[in-house]
Amino acid sequence: MTHRKVEADVILIGGGITAAMAAARLTERRPGLRTIVVEAGQRLFDFENRMGYRERYLAYGENPWPGDFIEDQGGQGIISRSMAVGGAAMHWGGVTNRFSREDTRLRSLYGLAVDWPIEWEDLERYYCDAERQLGVGGEEPPLPEDKRSEPYPMPAMPLSYNLKTLKTWSEKSGIPFWATPAAKNTVDGYDGRSICKRCNTCEVCPTGARYSPDWTFKKLLEQKRIELHDRTLVRRLVPHDTTNRIVRAEAVKEDGTGDTVTYEAGTFLLTGGYAWSSHLLLLSAGGRFPNGLANNSGLVGRYMTGHSFIQVWIEMDAQLYPGMNDQHSLISRQFFRCAPSSPFVRHDLRVWESSLAKGPRLKNESGAYLFGDDLLADWRKRTRGRAVARVRTYLDVHPDRESRLTLDRGNRNRWGDSMPRIEHRLDAPTLARRDADRTHVSALVDRLARADNGRVLRTNEGDYLDHPGGGCRMGTDPAASVVDSYGRTHDHENLWVLGSPTLPTGGCTNGTLTFVALTLRSAEKVAGAPAIPSR
Amino acid sequence: MRRREVLKLGAAAAAVATSGVKAQESSGGLEGLWPVAQAVLPASIGADGHREALAAFMAWIRDHHAGRYLDHGYGHTRVAKSGAAPTATYNVQLQALEAAARRRNGKAFGALDLVARRALIAEAFAALKIDSTEGRPSGKHVAADLMSHYFSSAEANDVCYEAEIGRDSCRALEGSGLRPEPLAKGRAS
């Protein structure tokens, strides 16, 4: 085993989409900085093999991203095992909805949760920026509240025949629907990537049409703007003996050698996402910081957030042909707003084609086995003229202080470090309105199902919070937050937390675009900060 | 998969892919799989359709690799590896069908009419509590796996909907909004 010391200007810890965006913006603004991205997992840059991985995934259910996780680097309550360069955004669906102004003013408008320490107009500008970076196509929003300051970089993903059919059906309810914006090329060559080929497997896009961070990392490496130290797990951040500055990060190689590395830098950016950023701060407890770093408020790992969801499958009179780009969906933003005088309920509303109850079956209603043409005839009969839509709402729910990431002493990795354990808890006002939320969604579903002889087949309430964030929430008060609106920790001038951990609340739609917008804003602030010597 | 099993079923796959139907019916190399295919796959896709479905299934078996990490999912994650190829079990199950046919009907399984074959397969399914086709073969029973493999395919989806859907095929964005073309002549009856 060997040990080496590496000096840099900026160290980014965690190599997912947040790191990709931050590194790109930072090195664009400050090209002379020595910037190193340190990632525990490996790089998955073998784009040429992706079609083959996709085939194995479809045929055998094999991991379409071989080697994208570390077996002993997981934890309870974490919704993705992905730990690789690119992170979970290697296999995301590319959905890039914006939050709305209401998300940033929950306290002012409704007396709920907290306000974000950022103006909507400021965030909106970075949404446009994020959409350019990721390559987003979308429809211009018809609702005045969703007004954009710039057009989408690309046209919207065209609606498939099935979605056009479902749009006709769903709008009979009086609720307007649009194509969901997505970071998938609808123009060939945008950012050097291919146009979407509707391969139906966005989780492993074989053409590169859907944005994934490997595109950004490869460019940054080719242009020698960053160094990428993959298979390197940062285990501790170490503060200065007498000041609050962070002076180094201690890491170990995950390449089987057990070699150790000390990174000394002027600035440290935590870009490891909602789980691993808080985790590292807590894991770095010791000496003058017995509760972990950046944790004078006691809030590191608290207010873990996300949104709950309810899904409903509705059968109606229609003819669909499942399998024609079925990962694309409709969205309505009609319910992002809630009049302050009304009972609080906010959510998005999405519609997909579905094959539920429309697949081949082995037994008929009387329990007799079906074979050959009898099975085929039964299948055909059930798919002729009746189709199924999956309708899902992401509900705006708010975390309690006890919604926590903690260190699980009973679950340690090979290096002896406790792994994270996440237990989401909703705050009292959210719990108090849960029944009203369900009643509201049920009424909406009934409204949708009234058209075309609709019938609810199944309802399912999610048992986890999707698109999680939090753990290092932003705010202006150091006693009530971990970082400022740019992600700089209140306690350590050269330590920043970027992206999803900084969200005080999780909104009511997919979070990645918001994580990226906040990251770009943070990166500009980091770039504008005076250079800090590494020692 | 063990080498001998590969050879046994691999020979069957090769025979299916290259020989005529008559030859298949008399071929001892199939070890009972061909008459199973005739019993569980739609007659309407024809002998060529059966041959293609069986060849695809054999290719699936041949290319199965044990010990590969499976997709670890999202939301509720799990780390798991693929199990051994079910070939050995398949051969035992095919032999069991053959033995049952001779015991019950005094004939080889392949010599029974489709109704009798299906009755024996249904009994085997019932004994194993197999109630549904799955998204991909699960190893419970060779006949159920052949059915799962075929009926979950893009080919069968097209046949069911009688349309050129081409699920999981990559194609241009252009034309997204159009209803798929009717199934090409000769792809089904």
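Values in this text are rule-based calculations from the coordinates and carry no lab data. All of these numbers come straight from a predicted model, not from anything done at the bench. Ideal geometry is used to build each Cβ from the backbone, glycine not excepted, and the neighbour counts take in all protein chains shown.
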(message) Name the residue that is farthest from B:S176 (Cα to Cα), counting only residues in the stretch A:157-197 that are within 11 Å of chain B (Cβ to nearest Cβ), under 22 Å from the mean Cα position of the chain (by Cα) and not polar (S, T, N, Q).
(response) A:K184
(message) So if I check each of A:A377, A:A357, which one is on the phi > 0 side of the Ramachandran plot, within 13 Å of chain B (Cβ to nearest Cβ) and of a type in the set (A, V, I, L, M, F, W, C)?
(response) A:A357
(message) Among the residues in the stretch B:44-56, are any free of Cβ contacts under 8 Å to residues at least 60 places away in the same chain, touching a Leu at 6+ places or on another chain (Cβ under 6 Å) and within 11 Å of another protein chain (Cβ to nearest Cβ)?
(response) yes
(message) Restricting to the stretch A:1-34, name every residue that is surrounded by fewer than 24 Cβ atoms within 10 Å (Cβ to Cβ) and among the hydroxyl-bearing types (S, T, Y).
(response) A:T2, A:T27
(request) Give me a count of the residues in the stretch B:57-71 that are among the small types (G, A, S) and either part of a helix (DSSP H, G or I) or at the interface with chain A (Cβ under 8 Å from one of its Cβ atoms) (or both). (result) 1
(request) Quick one: A:P478 ticks every box in (1) farther than 25 Å from A:D348 by Cα; (2) crowded, with 21+ Cβ neighbours inside 10 Å except a single one, so which number is it? (result) (2)
(message) Just to be sure I understand, how many residues within the stretch A:206-218 are under 20 Å from A:T18 (Cβ atoms) and either free of Cβ contacts under 8 Å to residues at least 60 places away in the same chain or buried (at least 20 other Cβ atoms within 10 Å of the Cβ) (or both)?
(response) 8
(message) Suppose we keep only residues that are among the aliphatic types (A, V, I, L, M) and within 14 Å of chain B (Cβ to nearest Cβ) within the stretch A:1-60. Which one would you say is farthest from A:S500 (Cα to Cα)?
(response) A:A59
(message) I want to confirm something. Restricting to the stretch B:137-153 and keeping residues that are more than 7 Å from chain A (Cβ to nearest Cβ) and without any contact (Cβ under 8 Å) to a residue 40 or more places away in the chain, which single residue is farthest from A:L356 (Cα to Cα)?
(response) B:K140
(request) Collect the residues in the stretch A:438-465 that are crowded, with 18+ Cβ neighbours inside 10 Å and more than 19 Å from A:I314 (Cβ to Cβ), keeping them in residue-number order. (result) A:L465
(request) Output yes when any residue across the stretch A:382-392 is within 11 Å of chain B (Cβ to nearest Cβ), among the basic types (K, R) and exposed (fewer than 15 other Cβ atoms within 10 Å of the Cβ), and no when none is. (result) yes
(message) Against the condition in contact with a strand residue (DSSP E or B) (Cβ under 6 Å, 6 or more places away or on another chain) and either assigned to a loop (DSSP other than H, G, I, E, B) or within 11 Å of chain A (Cβ to nearest Cβ) (or both), how does B:A122 come out, does it pass?
(response) yes
(message) All but one of (1) within 30 Å of A:V204 (Cβ to Cβ); (2) of a type in the set (D, E, K, R); (3) buried (at least 21 other Cβ atoms within 10 Å of the Cβ) hold for B:R51; state the number of the condition that does not hold.
(response) (1)
(request) Only one of these is touching a residue at least 40 places away in the same chain (Cβ under 8 Å), acidic (D, E) and either in a loop (DSSP other than H, G, I, E, B) or farther than 19 Å from A:S173 by Cβ (or both): A:D378, A:D326, A:D374. Name it. (result) A:D326
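So that you can scan it fast, the table gives a plain yes or no per residue for (1) among the aliphatic types (A, V, I, L, M); (2) within 14 Å of chain B (Cβ to nearest Cβ):
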residue: A:L293; (1), (2): yes, no
residue: A:S297; (1), (2): no, no
residue: A:T305; (1), (2): no, no
residue: A:F309; (1), (2): no, yes
residue: A:V312; (1), (2): yes, no
residue: A:E315; (1), (2): no, no
residue: A:P322; (1), (2): no, yes
residue: A:N325; (1), (2): no, yes
residue: A:I331; (1), (2): yes, no
